[in-house]
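Participant: Structure in structure tokens, see below.
Only the coordinates and a few stated rules stand behind these numbers; no lab work does. A quick note: this is a predicted structure, and the numbers were derived from the prediction, not measured. Quick reminder, even Gly has a Cβ in these numbers, built from the backbone with ideal geometry, and neighbours come from all protein chains shown.
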Amino acid sequence: MVNIKRLNVDYDYDNPIYRSRDTDSGDVEVTKPFDILLVEDNPGDVRLVQEAFNETGLPHNLHVVINGVQAMDFLHREGRRYSEAPRPDLILLDLNMKEKDGREVLAEIKADRHLRSIPVVILTGSLHDRDVFKAYDLQANSYVVKPIDVDSFINTIKAIESYWFYTAKNFLH
Amino acid sequence: MTVGVETRVFDLLLVEDNPGDIRLIEEALKEGNIPHRLHKVRDGAEATEFLFRTGQHADAPRPDLVLLDLNLPKKDGREVLAEIKADRRLKLIPVVVLTTSEAQSDILKAYDLNANCYITKPVDLDEMIKVVLALEGFWLGIVKLPRLE
């Protein structure tokens, strides 16, 4: 697993210059928080995700919405509630939710020219092949099954963070 | 142990023309200790043959994951990516772009073409090994991959 570099102590949250840069030492220096959108209706799972991100020290803002309708409102900056919503660097998306489920959200995101470049990681309890196939068919970037065990769950979220923010390159905007 | 991860042998397709990088990636993947078969093709045309099971690759297995360089001889990696994502079966296979460029325009283009992920190859050898190990750990260890025939 890639080592996560701790926050640069000189980081100025009020005047971020750029999101991240590779320093000469090979470490990645993060100078602007990453925005993550978590689409999840289970409060326990939300808490675990929050805990995982807080434990690693990566500067981040975790935005939580509890169903697909809120997710799309967030992404489209609809209404007073989401008019200032930032564009997420990563979306963690549950599949089975009331009021527009994850499959619909995924389809809408990937059909939207402005949103499709945001990586979407499906994070679901479902192991079913048909859900896996459907998600990849709709161009989910990756599909991750939520571990049942709490420690494994947290480690999985950390692994997702490590991979998508340190190993992979996202399109910056 | 992560729920949903199968303990079977993964078929990986590496589309890469640089012999040094091929060697490095192959060795790094072995270090990762996740059982896999690495299939290697050196240009975009051969990648197409492998994926569509034509020519010399008529009996090729379906890869579980594709590692794709962008700058390839005979057919550019972007074209290969577009072909994969236009095919109703192949589009399910995760494609990780693993290439030298870190230009925003290339990153955007790849994600626009529905690449699952974009990774810039580090120049440093040790960093490259770490990246390949991280890639393997994530895609073969954390992610649930679609199983295609």
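Participant: Under a point spin-label approximation (7 Å from Cα along Cα-to-Cβ), what is the residue B:18-residue A:137 distance to one decimal in nm?
Facilitator: About 3.8 nm, to one decimal.
Participant: Measure of size requested: the Rg and Dmax of the protein assembly as shown, with Cα atoms as the atom set and Å as the unit; please supply both.
Facilitator: 18.9, 59
Participant: Cα atoms only, chain B: Rg and Dmax in Å?
Facilitator: Gyration radius and largest Cα-Cα distance of chain B: 14.4, 42 Å.
Participant: If you take every DSSP beta bridge fully contained in the protein assembly as shown, what fraction is antiparallel? Give it as a percent rounded to 5.
Facilitator: The antiparallel proportion sits near 10 percent.
Participant: Could I ask something else about it? Sum up the charges of everything whose Cβ sits under 10 Å from the Cβ of residue B:61, counting Lys and Arg as +1 and Asp and Glu as -1, but leave residue B:61 out.
Facilitator: -1
Participant: Using DSSP to call loops (not H, G, I, E or B), can you name the trypsin sites (Lys or Arg not before Pro) in the stretch B:48-129 whose Cβ has at most 11 other Cβ atoms within 10 angstrom? Before the final figure, lay out the partial values.
Facilitator: Values: sites: B:53, B:74, B:75, B:78, B:85, B:88, B:89, B:91, B:109; in loops: B:53, B:74, B:75, B:88, B:89.
When the trypsin sites (Lys or Arg not before Pro) of the stretch B:48-129 are filtered for loop state and at most 11 Cβ neighbours within 10 Å, B:88 remain.
Participant: What average count of beta carbons from other chains do you get within 10 Å of the Cβ of residues in B:107-117?
Facilitator: 5
Participant: Around residue A:97, under 11 Å between beta carbons, what's the net of Lys plus Arg minus Asp minus Glu among the other residues? Don't jump to the answer; show the numbers that get you there.
Facilitator: Numbers: positive: A:98, A:100, A:103; negative: A:40, A:41, A:94, A:99, A:101, A:104.
Cβ neighbours under 11 Å give a net charge of -3.
Participant: Take every residue in peptide A:142-154, count the Cβ atoms of other chains within 10 Å of its Cβ, and give the average of those counts.
Facilitator: Per residue, the number of nearby Cβ atoms from other chains is 4 on average.
Participant: How large is the helix-only mean residue ellipticity at 222 nm for the protein assembly as shown, computed as the sum of -39500 (n - 2.57) over DSSP H runs with n ≥ 4, divided by its residue count, in deg cm²/dmol to the nearest 500?
Facilitator: -10500 deg cm²/dmol
Participant: Assuming 0.36 nm per residue, please report the length gained on full extension of the stretch residue B:9 to residue B:56 beyond their Cα-Cα distance.
Facilitator: Here the segment from residue B:9 to residue B:56 would lengthen by 14.6 nm.
Participant: Now a separate question. Okay, which of the stretch A:126-168 sit inside 18 Å, backbone N to the point 7 Å along the Cα-Cβ direction of residue A:54?
Facilitator: A:150-159, A:161
Participant: If I take R0 = 35 Å and measure r between the Cβ atoms of residue A:130 and residue B:40 in this structure, what FRET efficiency does the formula 1/(1 + (r/R0)^6) give, to the nearest 0.05?
Facilitator: Numbers: r = 32 Å, r/R0 = 0.92.
Here the calculated transfer efficiency is 0.60.
Participant: To continue, here is another question. Work out the FRET efficiency for residue B:86 and residue B:149 from their Cβ-Cβ distance, taking R0 = 22 Å, and round it to the nearest 0.05.
Facilitator: Efficiency computed from Cβ-Cβ geometry: 0.70.
Participant: Then there's this: When the expected Rg is taken as 2.2 N^0.38 Å, what fraction or multiple of it is the alpha-carbon Rg of the stretch B:1-83?
Facilitator: For the stretch B:1-83, the normalised Cα radius of gyration is 1.14.
Participant: Now for a separate question. When the Kirkwood radius is taken over all Cα pairs of the stretch A:28-167, what Stokes-Einstein diffusion coefficient follows at 20 °C and 1.002 mPa s, in µm²/s?
Facilitator: The Stokes-Einstein estimate is 142 µm²/s.
Participant: So, in Å, what gap is there between the alpha-carbon centers of the stretch A:50-93 and the stretch B:38-56?
Facilitator: If we compute the Cα centre of each part, the gap is 40 Å.
Participant: Summing Lys, Arg as +1 and Asp, Glu as -1, what charge do residues with Cβ under 13 Å from the Cβ of residue A:69 carry, residue A:69 excluded?
Facilitator: Surrounding charge for residue A:69 is -4.
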